[in-house]
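> Below is one structure. I have some questions about it.
The values are calculated or read from the model by the stated rules, or taken from the named source; none is laboratory data. Please read these numbers as outputs of a predicted model, since none were measured by experiment. Here the Cβ positions follow ideal geometry from the backbone for every residue, glycine too, while neighbour counts run over all protein chains shown. SASA here: full protein model, heavy atoms, side chains in, ligands and nucleic acids out. Shrake-Rupley method; radii C 1.70, N 1.55, O 1.52, S 1.80 Å.
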Amino acid sequence: MKKALIVTTVSGFVPQFEMNNVFLLQEMGYEVHYASNFHNPHYGSDNHRLDGTGIICHQIDFVRSPFHVAANLKAYRQLYRLLEEQKFQFIHCHTPMGGVLGRLAAEQNRRRQHSGCRVAYTAHGFHFFRGAPLMNWFFYYPVERWLAHFTDRLITINREDYQRAKRFHLREEKGRRGRVEKVNGVGIDVAYYQKLAVDREAVRKQIGVKKGQLLFLSIGELNHNKNHKVMIEALAGSKRDICYVICGEGKAKKDLEKLIKKYRLEKNVQLLGYRKDIPELLKASDLFVLPSFREGLSLSLQEAMACGMPVIASDIRGNRELIDRGKGGWLLHPKDKKGLVKVIQEVEKNNLARMGNYNCRKIEEYDKKIMIGEMKEIYGSIDKEIL
């Protein structure tokens, strides 16, 4: 049986974002293996979503930071031993450190074992992009450009990354050169969200939203990049009685709690932690907020659009492709607190409904059926090279 390996730094990544690709590989006759740090599931508190999937799991002690040299060397050795033992025909890497160590280990394996293993890397948003800090360009750009030489398929999920990646030199072998591809994210079941019926008032009551109060919702890890801080500060600067709910866990939780207390917003801002009822919360909310400094092509933003929600989002790569300014919502600089205050002051329910309907129609081009078709072609071309 042909063997394929998926590599990610944290184990929650595959059940959260990549199951469509797992099923595709299995349909193509591959035995799917998964190398990750199962002690750090992320996107949930355990690994139970992998049960019954047919995926064979391998513990690799990945860390997320590239600067933990000793830990990364340990993970690299573990991963290389796995490649030697299993003799995979195809490796698909995700997440930054999974992409670095996975491709390096695969290249060493190819050279020592004279393996013809094919390697793909999906960039879910390069750390270098228009508007990124210069340090990101100095550090991440040359590394990614160099690693492209060990990559047979570099898959991007937004236009800016695709245009930049096309300048990279991918692997050349026997007159055949690797390719850069673009897909519309990981794909979502648009029809599911559009048809989902929810008792809005019951959901709102359950999380403490008062009658007549606007409910704003954010979804994402509590960290610096997601930039929840700016929305809390903007609410403090506005005079509107709005309920703002944030779903997610992370290291910034205590800092956000201090900020909420500082501005006396305990009755207006809630940190709900990890939730399994995200679709219901989206349907019960009035507006979605995504103020991140960096996104590839946000899945939570796509889900919000499919639920017919208007959006306030940061004016960055990925978000610009999804949200049409003035039609589906507002795009602001991630640090534009004054602009955010102004939007909050001007929000009216009639405009929100119109914008939500616009987003609901636009997101149909990001449906999972389209993405599955795109990935089927990419996997099919790789499979022919293996055979």
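> In the stretch 54-80, which residue that is open to solvent by less than 20 Å² (accessible area, probe 1.4 Å) and closer than 24 Å to E221 by Cβ is nearest to the chain's Cα centre (by Cα)?
F62
> Considering only the stretch 106-113, I want to know if a residue exists there that is within 16 Å of S36 (Cα to Cα), in a helix (DSSP H, G or I) and within 20 Å of the chain's Cα centre (by Cα). Can you show your working first?
Keep residues of the stretch 106-113 that are within 16 Å of S36 (Cα to Cα), which gives 106.
Next cut, in a helix (DSSP H, G or I) only: 106.
Within this subset, residues satisfying the condition of being within 20 Å of the chain's Cα centre (by Cα) are none.
No, every residue in the stretch 106-113 fails to be within 16 Å of S36 (Cα to Cα), in a helix (DSSP H, G or I) and within 20 Å of the chain's Cα centre (by Cα).
> Hey, another quick one. Would you confirm whether or not the stretch 366-379 contains a residue that is more than 30 Å from L5 (Cβ to Cβ), in contact (Cβ under 8 Å) with a residue 40 or more places away in the chain and either surrounded by fewer than 18 Cβ atoms within 10 Å (Cβ to Cβ) or among the hydrophobic types (A, V, I, L, M, F, W, C) (or both)? Quick ask: steps written out before the conclusion?
Going through the stretch 366-379, the residues more than 30 Å from L5 (Cβ to Cβ) turn out to be none.
Scanning the stretch 366-379 turns up no residue that is more than 30 Å from L5 (Cβ to Cβ), in contact (Cβ under 8 Å) with a residue 40 or more places away in the chain and either surrounded by fewer than 18 Cβ atoms within 10 Å (Cβ to Cβ) or among the hydrophobic types (A, V, I, L, M, F, W, C) (or both).
> Output the number of residues of the stretch 123-161 satisfying the condition of being in contact (Cβ under 8 Å) with a residue 60 or more places away in the chain and not hydrophobic (A, V, I, L, M, F, W, C).
11
> Here are P291, P310: which of them is at pLDDT 95 or above and under 17 Å from G131 (Cβ atoms)?
Working: P310 fails: under 17 Å from G131 (Cβ atoms).
Exactly one of P291, P310 is at pLDDT 95 or above and under 17 Å from G131 (Cβ atoms), namely P291.
> In the stretch 115-124, what count of residues is obtained for those that are at pLDDT 95 or above and either open to solvent by less than 40 Å² (accessible area, probe 1.4 Å) or assigned to a helix (DSSP H, G or I) (or both)? Step through it out loud before you land on a result.
Taking the stretch 115-124 first, the residues at pLDDT 95 or above are 118-124.
So of that shortlist, the ones also either open to solvent by less than 40 Å² (accessible area, probe 1.4 Å) or assigned to a helix (DSSP H, G or I) (or both) come out as 118-123.
The total comes to 6.
> Could you grab me the full set of residues in the stretch 133-151 that are modelled with pLDDT of 95 or more and polar (S, T, N, Q)?
Listed by number, the list holds a single entry, T151.
> Is it the case, given these coordinates, that K369 is under 30 Å from N20 (Cβ atoms) and within 20 Å of the chain's Cα centre (by Cα)? Before you say what the answer is, go through the steps one by one.
Numbers: under 30 Å from N20 (Cβ atoms): yes; within 20 Å of the chain's Cα centre (by Cα): yes.
The answer is yes for K369.
> Within the stretch 31-43, does at least one residue satisfy the condition of being open to solvent by 10 Å² or more (accessible area, probe 1.4 Å), assigned to a loop (DSSP other than H, G, I, E, B) and either touching a helix residue (DSSP H, G or I) at 6+ places or on another chain (Cβ under 8 Å) or closer than 15 Å to A106 by Cβ (or both)? Before you say what the answer is, go through the steps one by one.
We begin by selecting, within the stretch 31-43, every residue open to solvent by 10 Å² or more (accessible area, probe 1.4 Å); these are 31, 37-43.
Then drop every residue that is not assigned to a loop (DSSP other than H, G, I, E, B), which leaves 38-43.
Those still in the list that are either touching a helix residue (DSSP H, G or I) at 6+ places or on another chain (Cβ under 8 Å) or closer than 15 Å to A106 by Cβ (or both) too: 42-43.
Scanning the stretch 31-43, I find at least one residue that is open to solvent by 10 Å² or more (accessible area, probe 1.4 Å), assigned to a loop (DSSP other than H, G, I, E, B) and either touching a helix residue (DSSP H, G or I) at 6+ places or on another chain (Cβ under 8 Å) or closer than 15 Å to A106 by Cβ (or both), so the answer is yes.
> Shifting gears a bit: Can you confirm whether K166 is in contact (Cβ under 8 Å) with a residue 12 or more places away in the chain and out of contact with any Lys or Arg (no Cβ under 8 Å at 6 or more places or on another chain)?
Numbers: in contact (Cβ under 8 Å) with a residue 12 or more places away in the chain: yes; out of contact with any Lys or Arg (no Cβ under 8 Å at 6 or more places or on another chain): yes.
For K166, the condition - in contact (Cβ under 8 Å) with a residue 12 or more places away in the chain and out of contact with any Lys or Arg (no Cβ under 8 Å at 6 or more places or on another chain) - is met.
> Test R167 against the criterion of being part of a helix (DSSP H, G or I) and either surrounded by 16 or more Cβ atoms within 10 Å (Cβ to Cβ) or over 20 Å from the mean Cα position of the chain (by Cα) (or both), and give yes or no. First the steps, then the outcome.
On the way: part of a helix (DSSP H, G or I): no; either surrounded by 16 or more Cβ atoms within 10 Å (Cβ to Cβ) or over 20 Å from the mean Cα position of the chain (by Cα) (or both): yes.
Taking the combined requirement at face value, the residue does not satisfy it.
> Restricting attention to the stretch 345-363, and to residues there that are part of a helix (DSSP H, G or I) and surrounded by 15 or more Cβ atoms within 10 Å (Cβ to Cβ), which single residue is modelled with the lowest pLDDT?
L352
> How about the stretch 1-20: which of its residues are open to solvent by 10 Å² or more (accessible area, probe 1.4 Å), part of a helix (DSSP H, G or I) and not aliphatic (A, V, I, L, M)?
Matches in the stretch 1-20: F13, P15, Q16, F17, N20.
> Moving on. Output the number of residues of the stretch 308-336 satisfying the condition of being open to solvent by less than 20 Å² (accessible area, probe 1.4 Å) and assigned to a loop (DSSP other than H, G, I, E, B).
The number of residues fulfilling the criteria is 8.
> So which residues in the stretch 172-213 are closer than 24 Å to P142 by Cα and more than 26 Å from the chain's Cα centre (by Cα)?
E172, E173, R176, R177
> Restricting the search to the stretch 81-114, which residues are open to solvent by 40 Å² or more (accessible area, probe 1.4 Å) and within 19 Å of R145 (Cβ to Cβ)?
Within the stretch 81-114, the first condition is being open to solvent by 40 Å² or more (accessible area, probe 1.4 Å), and the residues that meet it are 81, 84-87, 89, 96, 104, 108, 111-114.
Scanning the stretch 81-114 gives P96, L104.
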